[in-house]
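Below is one structure, written out as structure tokens; the observations come after it.
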Amino acid sequence: MLLKEQPFVHSGYFPAGQNQSFYIEEEEKWLAGTSEVPLISYFGGDVLDLSEPLRLVSVSNCFRSEVGSAGRDVKGLYRVHQFAKVEMVVLCQPDPELSEQMLQEITSHAEELLTLLELPYRVMSVCTGDMSARTYKQYDIETWMPSRGSFGETHSSSNLHSFQSRRANIRCINEQGHPVYCHTLNNTAVASPRILIPLLENHQAQDGSIYIPKALRKYVGGRERFNPNI
């Protein structure tokens with residue numbers, strides 16, 4: 001969670017994203033806004049065997065200053081300074097068809113989770129003007145949030161091609177036996193507390209009780225509903 005500046009540069013978050021991150025002056029380090037940052041730098045300078053895509057997952061706390069968000073989604077759970085997130089990162093051979101396949105795969109994992117939570121959602125293909133300079137292709141998954149009267153972003157998956165691997169010097173051996181820069185991808189599997197917004201709001205009944213999706217019942221003693229009167 002506490003990193004030097006270089007991993008943020010490797011992953012493409014710095015220098016543009018410095019105003020979105022917390023700096024710990026006495027440590028001369030930054031708090032990570034996503035575990036994608038250390039996961040990418042973990043392989044910095046390496047030559048990897050990517051005969052099969054390397055699929056990684058991390059669970060961590062994340063910290064974002066949300067500069068520029070004043071007056072927008074600042075109440076409640078939608079935009080907070082600290083949250084927990086399960087992040088997926090993939091490294092694969094620099095084959096555009098393969099990395100596109102990986103993008104569809106990791107996006108489907110997030111869709112499966114939302115289906116298990118019995119939540120209405122939509123997958124949005126992000127236009128070039130709304131993507132960061134590091135991103136080749138991006139999907140945002142938006143889940144219906146009744147309190148907003150609209151869909152709100154809960155997941156995001158991206159294919160960055162070789163942008164990060166060139167910065168972090170992560171290579172693999174291609175079919176001709178030559179070292180080449182690999183492709184990297186990332187995806188939000190789930191982030192909390194934001195996921196609680198659609199989870200609670202979509203499943204709340206008129207009497208105030210909250211329906212518990214079948215996939216979650218084994219974690220709450222088999223209960224089918226939270227009742228505020230009990």
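What to note about this one:
- Segment Gln104-Glu27, extension gain: residue separation times 0.36 nm, minus the distance between their alpha carbons: 23.8 nm
- Long-range HN-HN contacts of Asn169 with modeled amide H, under 5 Å: Gly45
- Percent breakdown of C-alpha pair distances by 5 Å bin, ordered from the shortest bin, for region 45-215: 1, 8, 15, 17, 19, 14, 10, 7, 4, 2, 1, 0, 0, 0
- Crossing angle, helix 96-116 versus the chain [Cα axis fit, 0-90 degrees, rounded to tens]: 20 degrees
- Going by neighbour counts of Cβ atoms within 10 Å, the residues Ser99, Ser192, Ser60 line up, fewest first, as Ser192, Ser60, Ser99.
- Calculated mean residue ellipticity, 222 nm, the chain: -6000 deg cm²/dmol, from DSSP H runs (n ≥ 4) at -39500 (n - 2.57) each, averaged per residue and rounded to 500.
- Of Thr154, Thr184, Thr128, the residue with the greatest mean-square motion in the GNM of the chain, using alpha carbon springs below 10 Å, is Thr128.
Every number here is computed from the coordinates shown, using simple stated rules; none is lab data. Since this is a predicted model, take the numbers as computed values, not measurements. No Cβ is skipped: glycine too gets one built from the backbone with ideal geometry, and neighbour counts run over all protein chains shown.
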